[in-house]
1. Any idea how many residues of region 120-142 are among the aromatic types (Phe, Trp, Tyr) and either under 22 Å from Asp64 (Cβ atoms) or part of a strand (DSSP E or B) (or both)?
2. Scan region 22-39 for residues that are closer than 22 Å to Phe167 by Cα and touching a helix residue (DSSP H, G or I) at 6+ places or on another chain (Cβ under 9 Å) and report the count.
3. Just to check your reading of the model, which residue among His25, His71 is in contact with a Ser or Thr (Cβ under 8 Å, 6 or more places away or on another chain) and not small (Gly, Ala, Ser)?
4. When both residues are 6+ apart or on different chains and their Cβ atoms are under 9 Å apart, which pairs have a first residue that lies in region 38-57 and is small (Gly, Ala, Ser), and a second that is assigned to a strand (DSSP E or B) and crowded, with 22+ Cβ neighbours inside 10 Å?
5. Report, ordered by the first and then the second residue, all pairs with beta carbons closer than 8 Å, sequence separation of six or more or different chains, a first member in region 1-19 that is within 19 Å of Tyr41 (Cβ to Cβ), and a second member that is exposed (fewer than 14 other Cβ atoms within 10 Å of the Cβ).
6. Can you say whether Leu165 is buried (at least 17 other Cβ atoms within 10 Å of the Cβ) and either in contact with an Asp or Glu (Cβ under 7 Å, 6 or more places away or on another chain) or among the aliphatic types (A, V, I, L, M) (or both), as far as the supplied structure shows?
7. Is it the case that some residue within region 126-146 is in contact with an Asp or Glu (Cβ under 6 Å, 6 or more places away or on another chain) and surrounded by 15 or more Cβ atoms within 10 Å (Cβ to Cβ)?
8. Which residues, counting only those in region 123-148, are in contact (Cβ under 8 Å) with a residue 12 or more places away in the chain and within 30 Å of Asp93 (Cα to Cα)?
Amino acid sequence: MRRTDREVKDRKLISGMLDMAEILHIAIRDEPFPYLVPVNYGYEWQGDTLVFFFHCAKTGLKLDLLRRDPHVTVNAAVFVSYGAAPYRGHFHDYRSVTASGAAEEILPDDPGFQHGFEMLMAHNDRPMRPEDYRELRHTGLWQIRCDAAHVWGKAEIVPTCAEELPFAQPD
């Protein structure tokens, strides 16, 4: 990262930034260009590993590509413009988390299958309903496991604590 003064390393701050974002973009290897797909997601830290969960259809190009090569890079970001009234000398601010890791399908019989869906639903502020559990077997679920060494956050105005994560409101 060229602008290390904008880097965010603290896991609590990275988690807070992920809580702010609604969409995870997944870059998947394809030829002649990478394939980029937006998904809604859930996540959690499992020790030194950041794990993203996303659901999808059980077939399709994205899954064909992931089965061929599971190595991906993901990004979740939020942005605010301060327009003509800059805040602390900035005309905008952003929170961005980027990570690289490997995608893996979680099969319905896997003990982590239900947990992954619960994490996804929780991030999207949707409680699991009894009918959701019945529908799970008709939906694909994947996880992307990213070692902490391959996770980085970035911000224009770098937050130093959780209270600074929400975007500032100019006077």
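The values are calculated or read from the model by the stated rules, or taken from the named source; none is laboratory data. Quantities reported herein were computed from a predicted structural model and do not represent experimental measurements. Here Cβ is always computed from backbone atoms with ideal geometry, including for glycine, and neighbour counts include all displayed protein chains.
1. So the answer is 1.
2. 2
3. Of His25, His71, the one residue that is in contact with a Ser or Thr (Cβ under 8 Å, 6 or more places away or on another chain) and not small (Gly, Ala, Ser) is His71.
4. Short answer, once both residue conditions are applied: Gly42/Phe52; Gly42/Phe53; Gly42/Phe54.
5. From region 1-19, the pairs are Lys12/Ala162; Leu13/Cys161; Leu13/Ala162; Gly16/Ala162.
6. Judged against the criteria, Leu165 is a match.
7. Yes, there is a match, as at least one residue in region 126-146 is in contact with an Asp or Glu (Cβ under 6 Å, 6 or more places away or on another chain) and surrounded by 15 or more Cβ atoms within 10 Å (Cβ to Cβ).
8. The answer is His123, Asn124, Gln143, Ile144, Arg145, Cys146, Asp147, Ala148.
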